[in-house]
Amino acid sequence: SPVGTGLKLIAYAPVEGPAGFYEIIQTDKNTLEYKTYQFYSGYNTMDFAAYQVGRHMLYFVVNNQPSNTVVVDVFARTPAGSTKPVHEMS
């Protein structure tokens, strides 16, 4: 995902309650960010902003049950016309 992109995440929670949301960011160093959300029983939506280049691993824990991990690779945008053409080999 290009840096600056917004993504909509869908999370299923078997029960209603507070959920710990973890974001591990891999760049030159690893960073852990933690937030708490209130989840409803069933499907919940969350917004994710790809604000930093690197690998973002996202998961939540509700009722002591961790979710699957979602991996979002965020890369820098390349200015238009800055790539070199690929030449055919003969």
Completion exercise
Among the residues of region 1-18, the number that are out of contact with any Ser or Thr (no Cβ under 7 Å at 6 or more places or on another chain), open to solvent by less than 60 Å² (accessible area, probe 1.4 Å) and farther than 16 Å from residue 51 by Cβ is 1
Handout entry: Selection status of residue 32, touching a residue at least 60 places away in the same chain (Cβ under 8 Å) and either assigned to a strand (DSSP E or B) or of a type in the set (Phe, Trp, Tyr) (or both)
Key = no
Problem - Complete set of residues in region 13-63 that are out of contact with any Gly (no Cβ under 9 Å at 6 or more places or on another chain) and aliphatic (A, V, I, L, M) - result: 15, 19, 24, 32, 46, 53, 57, 58
Practice task
Return the total of residues in region 28-41 being loosely packed, with under 12 Cβ neighbours inside 10 Å and among the β-branched types (Val, Ile, Thr).
Solution key: 1
Exercise for the section: Could you grab the pairs with beta carbons closer than 8 Å, sequence gap of 6+ or different chains, first residue in region 55-72 and without any contact (Cβ under 8 Å) to a residue 12 or more places away in the chain, second one assigned to a strand (DSSP E or B) and surrounded by 12 or more Cβ atoms within 10 Å (Cβ to Cβ)? Expected result: 66/59; 66/60; 68/59
Fill in the blank from the handout: The residue that is nearest to residue 75 (Cα to Cα), considering only those in region 1-50 that are among the aromatic types (Phe, Trp, Tyr) and under 17 Å from the mean Cα position of the chain (by Cα), is 48
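The values are calculated or read from the model by the stated rules, or taken from the named source; none is laboratory data. This is a predicted model, so every value here is computed, not measured. Reconstructed Cβ throughout: ideal geometry from the backbone, glycine too, with neighbour counts over all protein chains shown. Areas reflect the complete protein model, heavy atoms only, side chains present, ligands, DNA and RNA absent. Shrake-Rupley method; radii C 1.70, N 1.55, O 1.52, S 1.80 Å.
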